[in-house]
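Comments concern the structure below.
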Amino acid sequence: MNKRNLESYEASYLVLITFIVVQLFLVFVNIYITQKFSIDFFTIVVVELISILFSYFAGIVPAAVFSIVYIMGYIVYAVNGNSNINLVGYILMFFVPLSTVVAGNMNRTRKKVINDLIKLNELEEMQLKMDPHTNLENEIAFKEVLSKQSNLAYRYPQYNFSAIMFRLEFIDTLRALLDAKEFNYLLEKIAEIIQNCIREEDYKFIVNNNRFVIITPLTSSEGIAPARRRILEGVEQLNIKDENGEAVNIVLKTGGIDYSKDKHDMFKEYKGVLLALQKATEVDIYSEYAN
């Protein structure tokens with residue numbers, strides 16, 4: 001959030017509250033001195049409250065216009081001199097345009113603060129959908145994208161997509177051999193390889209820290225086979241060592257499924273898709289013995 005906008009709003013708020021408190025104090029002083037609350041004072045207070053409310057929601061331009069009209073009316077009223085308003089009353093009348101302009105300025109700052117909050121909320125939502133180690137979208141984002149893609153494919157028969165999973169095998173062994181820093185490095189390198197081997201329009205996700213999933217619009221699981229092979233070969237060439245400096249064998253198994261209308265019910269539930277992809281990786285014999 002822009003700190004300057006927040007500070008400006010806070011300053012305007014304090015000024016406006018100060019004006020209102022001072023005016024209330026003057027009203028009470030006048031009542032104490034004169035022992036009455038005249039219709040003139042009542043009108044001034046009501047007009048000011050209405051003008052503050054109006055300016056706060058309408059903005060600085062209507063507030064400025066209102067203040068100019070008010071000042072001109074104030075001059076005409078003072079020149080005619082057909083009222084018995086005392087010095088306190090004139091001071092109160094002078095506060096009206098000041099409060100109006102401050103309230104109008106608060107409207108402008110309030111909109112900026114609201115825009116900052118909206119951007120902050122969007123950024124927070126983006127961060128909730130991102131994995132901090134790999135900068136890939138996480139399971140929450142996968143669920144949303146899968147729902148949109150399956151609905152799109154169901155509505156338009158000419159549209160199709162596929163989902164591909166890359167699963168790290170022997171995950172418990174890897175966690176035992178590698179410390180947390182080295183394991184996160186491994187995930188980062190696999191994510192980097194995946195992003196370099198697929199198209200920009202493809203979606204990339206990581207779920208459960210050992211399964212990478214991509215969604216490929218307008219491409220079947222067979223159609224993306226060359227990219228899948230490049231990913232497997234890239235991971236095979238990674239030089240990952242354990243705490244003793246010995247090379248660790250990395251096995252990445254892959255499997256894919258294509259969307260079809262008869263599978264639409266399964267694609268509506270993202271966990272079912274992840275389970276189907278998991279089963280598909282279990283029959284990937286090549287990856288298991290490639291190394």
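The values are calculated or read from the model by the stated rules, or taken from the named source; none is laboratory data. Bear in mind the structure is a predicted one, so any value in this text is a computation, not a measurement. When we count neighbours, we look across all protein chains shown, and the Cβ atoms used for this are built from the backbone with ideal geometry, even at glycine. Quick note on the areas: whole protein, heavy atoms, side chains included, nothing else; ligands and nucleic acids left out. Shrake-Rupley method; radii C 1.70, N 1.55, O 1.52, S 1.80 Å.
Rounded to the nearest 20 debye, the dipole size of region 193-245 about its Cα centre is 80 debye, using +1 on the Cβ of Lys and Arg and -1 on the Cβ of Asp and Glu. For region 121-254, the residue among Y159, T254, F170 whose Cα projects farthest onto the positive side of the dipole built from Cβ charges is Y159. Using a simple spin-label model with pseudo-atoms 7 Å out from Cα toward Cβ, D262 and Q35 lie 9.9 nm apart. The phi torsions of region 187-197, fed into the Karplus equation with coefficients 6.51, -1.76 and 1.60 and a -60° offset, translate into couplings of 4, 4, 5, 5, 4, 5, 4, 4, 5, 6, 9 Hz, rounded to whole numbers, with Gly and Pro shown as x. When the surface is traced with a 1.4 Å probe over the full set of protein chains, R229 keeps roughly 90 Å² accessible.
Here the accessible area is traced with a 1.4 Å probe on the protein chains. For region 210-291, carbon and sulfur cover 46 percent of it.
Assuming R0 = 41 Å, can you tell me the calculated FRET efficiency for the pair N196 and E10, based on Cβ-Cβ distance, to the nearest 0.05? Mind dumping the intermediate values first?
On the way: r = 48 Å, r/R0 = 1.16.
According to the calculation, E is roughly 0.30.
Placing R0 at 25 angstrom, the Cβ-Cβ distance between N209 and I114 gives a FRET efficiency of 0.10 after rounding to 0.05.
At an R0 of 41 angstrom, the distance between the Cβ atoms of I50 and E144 translates into a FRET efficiency of 0.35.
Taking a sphere under 15 Å around the Cβ of R155 and counting the other residues whose Cβ falls inside, with K and R at +1 and D and E at -1, yields a net charge of +3. Legend: residue pairs K143/K204; K119/K204; K204/K261; K119/K148, Cα-Cα distance threshold 21 Å; pairs beyond threshold, K119/K204; K204/K261; K119/K148. Here is the list for region 210-255: GluC sites (Glu not before Pro) lying in DSSP coil, each with at most 15 other C-beta atoms within 10 angstrom of its C-beta, are E222, E243, E246.
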